[in-house]
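Below is one structure, written out as structure tokens; the observations come after it.
The values are calculated or read from the model by the stated rules, or taken from the named source; none is laboratory data. Just so it is clear, the structure is predicted and the values come from calculations on it, not from any experiment. Cβ placement follows ideal geometry from the backbone for every residue including glycine, while neighbour counts extend to all protein chains displayed. SASA here: full protein model, heavy atoms, side chains in, ligands and nucleic acids out. Shrake-Rupley method; radii C 1.70, N 1.55, O 1.52, S 1.80 Å.
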Amino acid sequence: MTILRPFVVLTAVCHHTDDMWKVKPPVVFPKEMRYRPILESLVPPDPMSQFHLKRGSPDEEFPDLCRNSTWMGRILTPAMYRRQFHRCTHSGVIFDDVIRPGLEEPGDRSGPVSVGCVAGDAQSYILFCDFFDRVIEAHHEHKITSQTPESDFNYDNLKGGGDLDKLYAVRCEASVVRGVDDFCFPTHCSRGERRHLLSLARRALQRLNDDELPGQLFLLEELNPEQKRELNLNPPSSSQLRIGVARDWPDSRAVWVSKDGSLVVWVNMEDHLRLVSTRDDANIAEAFKCICINLQKLEDFYRELRHPFIWKQQLGWVTSSPADVGTGLRIRVHLRLQHLPQHKRLQDILKRLRIRMDKTEYPALYHVSNMATFGVSEVGLTQLVVDGVKLLIAMEKRLKDGRDIDELVPTQK
């Protein structure tokens, strides 16, 4: 009560309108200074203290990771969990939100190792850095340093990519993901944020439409079954629903398609933005060029809208998944292979080339793509895939003729 007394006196004086001009409130109230430490102690210094979650101690809440084969499951320890347990970002992301994907999908030890975690917002990479940095280094096999990651969008620096053997290279796809500053990532964003992101995308893509690449934006609920098949759009998976990336589906999800079919832009799916360029002639160089040109244009448009893409000095471009930090770039080639997939040294070859090969629903057709997105520039990653695909085709030809491929196996990159 004593703290409010000066304000009461001031209010009483203010009732006399004729004398208001004489009232000069003090710059600092003495009693306010006296009680400032008490007042500040009542303000929660950590956002986490504003929540009243009925949780046990960190040791009681530590998840069972015995059968977890994700990078999260391999890296997280009770001591690390205790350090993260009481932390919370300004938008309300806690560490259990971060590791939920790995708990929902613990992975398979026989397949590729997934990261098993997701960032709810850009601040997650800072607040939980001792966890995320270890996951990123393990997944991308590259150390995080104080140096800014290399970036190179000059598609003219790419060597080859437009001369793959069409008998083996069937199709290719270049894609890149981006996060928009000042917004939570899809697993944590609100409906209002998602709708604001759609509004920004409309404006930016309209600028792209006016800039010599005409196209059209479709809300997902506007697409007919035939259009969904053409875009290879499937309903959200059970995992996406459980971790929250598909909340309120399909509210404010959209896709922009260029008239010539060279570019597709997904809005508010697993990331804020995903640009995809697909070529049926497997011309990686042209697909990469399309991504570089239009991504840089969109980057300029979003910066003019005062919502640039999210960039962290030591990580590069960041999005919701630590598997995509650095460049966010994926180069995928559909290869027709019959002999090489059965070769005993295949996994060793792929590891040396730093690429991965996944089966498809069609026999003898495989997806070949870059393993990492961090530690190498955009041109460098694309060059890795181009060179790797050419070598795989050369090996397939040798095996088809009944010849050995040992002399073609590269040294460790």
Those residues of the range 215-224 which are assigned to a helix (DSSP H, G or I) and buried (at least 16 other Cβ atoms within 10 Å of the Cβ) amount to Leu220
Take the residues in the range 51-103 that are basic (Lys, Arg) and either within 22 Å of Pro322 (Cα to Cα) or in contact with a Ser or Thr (Cβ under 9 Å, 6 or more places away or on another chain) (or both), then tell me which one is surrounded by the most Cβ atoms within 10 Å (Cβ to Cβ).
Arg100
Residue, modelled with the lowest pLDDT, within the range 104-123, restricted to residues that are more than 20 Å from Leu315 (Cβ to Cβ) and crowded, with 17+ Cβ neighbours inside 10 Å
Gly107
Which condition from (1) touching a strand residue (DSSP E or B) at 6+ places or on another chain (Cβ under 8 Å); (2) modelled with pLDDT under 95; (3) under 15 Å from Glu286 (Cβ atoms); (4) not hydroxyl-bearing (Ser, Thr, Tyr) is the one that Leu208 breaks?
(3)
Taking the range 361-396 on its own, how many of its residues are open to solvent by 40 Å² or more (accessible area, probe 1.4 Å) and charged (D, E, K, R)?
3
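Condition check ((1) farther than 25 Å from Arg279 by Cβ; (2) open to solvent by 70 Å² or more (accessible area, probe 1.4 Å)) across all residues:
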{"site": "Arg207", "(1), (2)": "no, yes"}
{"site": "Leu213", "(1), (2)": "no, no"}
{"site": "Glu226", "(1), (2)": "no, yes"}
{"site": "Asn232", "(1), (2)": "no, yes"}
{"site": "Ser239", "(1), (2)": "yes, no"}
{"site": "Ala246", "(1), (2)": "yes, no"}
{"site": "Trp249", "(1), (2)": "yes, yes"}
{"site": "Ser258", "(1), (2)": "no, no"}
When you scan the range 159-173, do you find a residue that is without any contact (Cβ under 8 Å) to a residue 12 or more places away in the chain, more than 24 Å from Gln240 (Cα to Cα) and either touching a helix residue (DSSP H, G or I) at 6+ places or on another chain (Cβ under 9 Å) or of a type in the set (A, V, I, L, M, F, W, C) (or both), even just one?
yes
Only one of Ile144, Ile99, Ile126 is at pLDDT 95 or above and outside any strand (DSSP E or B); which?
Ile99
If Leu399 satisfies all but one of (1) more than 21 Å from Asn154 (Cβ to Cβ); (2) touching a His at 6+ places or on another chain (Cβ under 8 Å); (3) open to solvent by less than 30 Å² (accessible area, probe 1.4 Å); (4) not charged (D, E, K, R), what's the number of the condition it fails?
(3)
Restricting to the range 389-413, count the residues that are more than 22 Å from Gly162 (Cβ to Cβ) and under 37 Å from the mean Cα position of the chain (by Cα).
6
Determine whether Arg191 is within 21 Å of the chain's Cα centre (by Cα), open to solvent by 60 Å² or more (accessible area, probe 1.4 Å) and touching a residue at least 60 places away in the same chain (Cβ under 8 Å).
yes
For Ser320, indicate whether it is open to solvent by less than 30 Å² (accessible area, probe 1.4 Å), within 30 Å of Val118 (Cα to Cα) and either free of Cβ contacts under 8 Å to residues at least 40 places away in the same chain or of a type in the set (D, E, K, R) (or both).
no
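Yes/no per residue for (1) on the phi > 0 side of the Ramachandran plot; (2) at pLDDT 95 or above; (3) in contact with a Lys or Arg (Cβ under 8 Å, 6 or more places away or on another chain); (4) in a strand (DSSP E or B):
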| position | (1), (2), (3), (4) |
| --- | --- |
| Asp130 | no, no, yes, no |
| Val135 | no, yes, no, no |
| Glu150 | no, no, no, no |
| Lys166 | no, no, no, no |
| Glu173 | no, yes, yes, yes |
| Val176 | no, yes, yes, yes |
| Phe183 | no, yes, no, no |
Give the range 273-289 a look and list any residue that's closer than 11 Å to Val176 by Cα, open to solvent by less than 40 Å² (accessible area, probe 1.4 Å) and not β-branched (Val, Ile, Thr), or say none.
Leu273, Leu275, Ser277, Phe288
Six or more apart or on different chains, Cβ under 6 Å: which pairs go from a residue in the range 203-224 that's within 21 Å of Val180 (Cβ to Cβ) and in contact (Cβ under 8 Å) with a residue 12 or more places away in the chain to one that's part of a helix (DSSP H, G or I) and of a type outside the set (D, E, K, R)? Could you list them?
Ala204/Leu298; Ala204/Phe301; Ala204/Tyr302; Arg207/Phe301; Gly215/Asn209; Leu217/Leu205
